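The values are calculated or read from the model by the stated rules, or taken from the named source; none is laboratory data. As the structure is a prediction and not an experimental result, all values here were calculated from the model. Here Cβ is always computed from backbone atoms with ideal geometry, including for glycine, and neighbour counts include all displayed protein chains. We work out accessible area using only protein heavy atoms, side chains counted, and drop any ligands, DNA or RNA first. Shrake-Rupley method; radii C 1.70, N 1.55, O 1.52, S 1.80 Å.
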Amino acid sequence: MAHEIFVDTSGFYALLVKEDATHEKAAEYLRNAAGKQRFLTTDYVLDETATLLKARRHIEVLKPFFAAVLNSMACRVAWMDPEHFTAAQTFFLKHSDQDYSFTDCVSFLIMREQRIASALTKDAHFLRAGFETLL
């Protein structure tokens, strides 16, 4: 089985919102990965995705989104703990010259810790941090 792929907010959004410009590309990636690929995300990304979906009035996909991710055998969630929070805070402050969000910093740390090189995202911050973006 291939290494895990990290799923960021823009990746989830592209999968869930058909009007998104990268929806078809994200959906095709997921179809091709079925049964062959595992995914990783964080509770911070779930929070950010749910907040974005609600803010953009896509309320109807919130419950299915949570159910799909939290019950998935193919996608696991890395949950925040005090050690990761402190590490993310340190990274965030060290890179204050970048416009990374705190959630981005959490994602980068988890990806490095898990040796994940690619993310289902269109967020250029991931490229800047040295990761491959798949959207």
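Just a few scattered comments:
- With respect to (1) among the aromatic types (F, W, Y); (2) within 14 Å of the chain's Cα centre (by Cα); (3) open to solvent by 60 Å² or more (accessible area, probe 1.4 Å), the lone exception for F92 is condition (2).
- Residues of the stretch 65-98 that turn out to be outside any helix (DSSP H, G or I), out of contact with any Ser or Thr (no Cβ under 9 Å at 6 or more places or on another chain) and within 21 Å of T49 (Cα to Cα), as a count: 5
- The numbered conditions (1) farther than 21 Å from R128 by Cβ; (2) in contact with a Cys (Cβ under 9 Å, 6 or more places away or on another chain) are all true for H58 except (2).
- Of A88, A129, A119, all but one fail to be among the small types (G, A, S) and in contact with a Cys (Cβ under 8 Å, 6 or more places away or on another chain); the exception is A88.
- Count of residues meeting criterion [touching a helix residue (DSSP H, G or I) at 6+ places or on another chain (Cβ under 7 Å), assigned to a loop (DSSP other than H, G, I, E, B) and surrounded by fewer than 18 Cβ atoms within 10 Å (Cβ to Cβ)] in the stretch 99-122: 0
- Top-ranked residue in the stretch 25-50 [being in contact with a helix residue (DSSP H, G or I) (Cβ under 9 Å, 6 or more places away or on another chain), farther than 17 Å from S107 by Cα and in a helix (DSSP H, G or I); ranked as least open to solvent (accessible area, probe 1.4 Å)]: A26
- Output for the stretch 15-24, where each listed residue is in a helix (DSSP H, G or I) and either in contact with a strand residue (DSSP E or B) (Cβ under 7 Å, 6 or more places away or on another chain) or more than 12 Å from L53 (Cβ to Cβ) (or both): H23, E24
- Top-ranked residue of the stretch 69-87 - restricted to ones that are under 12 Å from R38 (Cβ atoms) and open to solvent by 50 Å² or more (accessible area, probe 1.4 Å), ranked as modelled with the lowest pLDDT: M73
- Residue check, H125 at pLDDT 95 or above, in a helix (DSSP H, G or I), within 18 Å of I5 (Cα to Cα) and not aliphatic (A, V, I, L, M): yes
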